[in-house]
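Reviewing the structure listed below.
Laboratory data are not the source of any read-out in this text; all were calculated from the coordinates shown. Remember, it's a predicted structure, so these values are computed and weren't measured experimentally. So basically every Cβ, Gly included, is an ideal-geometry build from the backbone, and we count neighbours across all protein chains shown.
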Protein chains: 2
Amino acid sequence: MNKLLTVIVDDHPIVIEGLKTLLKNEDNLEIVGGFSNGAQLLSYLNRNPVDLVLLDVTLPDIGGMELCQMIKAQFSATTILILSNHTERSIIMQTIQNGASGYLLKNSSLEELRQCIAAAVKGNICYSKEVVEIISRPTKNQLRNTPQLTRREKQILSLLAQGKTSQNIAQEFFLSSLTVDTHRRNLMQKFEVKNVAELIAAAHQQQLL
Amino acid sequence: MNKLLTVIVDDHPIVIEGLKTLLKNEDNLEIVGGFSNGAQLLSYLNRNPVDLVLLDVTLPDIGGMELCQMIKAQFSATTILILSNHTERSIIMQTIQNGASGYLLKNSSLEELRQCIAAAVKGNICYSKEVVEIISRPTKNQLRNTPQLTRREKQILSLLAQGKTSQNIAQEFFLSSLTVDTHRRNLMQKFEVKNVAELIAAAHQQQLL
DNA sequence: TAGAAAATACCTAAAAACCAGTAGAAAAAA
DNA sequence: TTTTTTCTACTGGTTTTTAGGTATTTTCTA
């Protein structure tokens, strides 16, 4: 079996070197490049075959998410493994949806890295132990008390998210637009927000839409 | 190293037998039990040490989700791997939330099963290839009509979601509020929406926030 | 069945958002 | 270097939202 052609992308050269050293003795993979930004990576990918990309999500030129998408769109055979210090749940989940095959924190052991690489190149997804803890932790939303909405408020919230004005909504429900205004105001009060934009964002974060 | 004490829980006896046969020759694990419902499993767990549970989510007496939680609450050292035919995205995500260390479809290969067991007992999470596809699928659809945003537009979109007014944003970026208005208008045009409320909702659905 | 919660509706006035254009400067791409 | 895109800013007008309130009726529910 051929060795896995592997590249490392990280804005810290130290991390690149560290990984190179760590993986030097792996007999099933070969580090063929280390890049400090997304543009360099894409340029390399256009010229050379690559099996595996070890990718940091914070890069100077382009977000790791977009980069993920771009790599997957153009080089679908290439496996992406995220190696990051980001411990936010939403970020982790997003990377997977953008085509990454796993997520590890930078303090992962070589053993974990091996494990995840093995799973990833076989097409599976693998999260390291620390990442598992983050994922299983209840989301912020669940900790934060989600406001208790009445039936009407939910209806109106949903129509607001569809871009309807108070008047539109009033017509739809055979109400006075003034009534809708009141509901709208109560909604904003319950969510402790200043305007509809923030209202919709908050509602979305709490999975109410 | 001791063998992994493994139990199988599935309401189809055939599946239990099949798995037993399949895993009989694995030298790192030993099947110590096969149960067709949750009560039997819990009763066994109370009397015997178990390292790994291969669990189906559809059981006659109790939902796999609840069972997962109960196992993890009482026997936190026990690893749970879901083995199911459910292909709904939300169910898969939920099992992880409830403490499972992985998810495989029943048509997975022995190789995949091995891979996931290995990852799971080390504390990682592992999804089989088919499951990966399910997880990544819905977003691909969403990505189709994702508008291409400029850097400024992204910045402004993000501040809008925080409930900032055009004037607030203008101050933050040392711009005229009229400029921010223009960006805001362009954003709405790109997303084909009528106002910020819908804009935020659309952006959220496309994971741009 | 009384009291609480929810839904309804109104007033005023300021603030902000939205519409439909135009247009120069700066930056990026070809 | 030329072309295109992005960012910037404006005019002028309309619509909608937001921020204070208050108040009656309906619907739960304890």
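May I ask you to list the trypsin sites (Lys or Arg not before Pro) in segment B:2-66 that are in a DSSP loop and have at most 14 other Cβ atoms within 10 Å of their Cβ? Sparse-neighbourhood loop trypsin sites (Lys or Arg not before Pro): B:3, B:24.
For peptide A:125-134, the mean count of partner chain Cβ atoms within 10 Å of a residue's Cβ comes to 6. Close amide H contacts of residue B:102 (hydrogens built in the peptide plane, cut-off under 5 Å, sequence separation of 5 or more or a different chain): B:82, B:126. With a Förster radius of 56 Å applied to the C-beta separation of residue B:43 and residue A:158, the computed FRET efficiency comes to 0.80.
Once each part is reduced to its C-alpha centroid, what is the distance from segment A:140-209 to segment B:59-114 in angstrom? Each part reduced to its Cα centre gives a spacing of 36 Å. The mean number of partner chain beta-carbon atoms within 10 angstrom of a residue's beta-carbon across peptide B:112-123 is 4. Sorted from nearest, the other copies put their residue A:62 label points 4.9 nm away, the label point being 7 Å from Cα in the direction of Cβ. Model label points for residue B:111 and residue A:178, set 7 angstrom from Cα along the Cα-to-Cβ axis, are 7.2 nm apart. Taking a ≥ b ≥ c as the square roots of the eigenvalues of the Cα gyration tensor, the protein assembly as shown is oblate, since a/c reaches 1.5 or more and a/b is not larger than b/c.
Between segment A:1-53 and segment A:121-137, the C-alpha centres lie 21 angstrom from each other. Here's how it looks for residue B:79: its modeled amide H is under 5 Å from those of B:52, B:53, which are all 5 or more places away or on a different chain. Of the trypsin sites (Lys or Arg not before Pro) found in segment A:143-197, none is in coil by DSSP with at most 10 other Cβ atoms within 10 Å of its Cβ. Here is the list for segment B:76-170: GluC sites (Glu not before Pro) lying in DSSP coil, each with at most 14 other C-beta atoms within 10 angstrom of its C-beta, are B:88. From the square roots a ≥ b ≥ c of the eigenvalues of the alpha-carbon gyration tensor of segment A:4-136, which class results: rounded (a/c under 1.5), prolate (a/b over b/c), or oblate? Because its axes are fairly even, with a/c under 1.5, segment A:4-136 counts as rounded.
Amide H contacts of residue B:58 (H built 1.01 Å from N, in plane; Pro and chain starts excluded): no residue 5 or more places away or on another chain comes under 5 Å. Sorted shortest first, the distances from the residue A:181 label point to those of the same residue in the other copies are 2.2 nm; each point sits 7 Å from Cα along Cα-to-Cβ.
The other copies place their residue A:152 label points at 4.3 nm from this one, listed shortest first, where each point is 7 Å from Cα along Cα→Cβ.
Taking a straight line from the alpha carbon of residue A:190, these aspartates and glutamates sit under 13 Å away, with near neighbours fewer than eight places off in the same chain left out: A:153, A:198. Mean per-residue shielding of peptide B:157-165 is 4, counting Cβ atoms of other chains within 10 Å of each Cβ.
Cross-linked pairs A:20/A:106; A:129/B:24; B:20/B:122; A:154/B:194: Cα-Cα separations exceed 25 Å for A:129/B:24.
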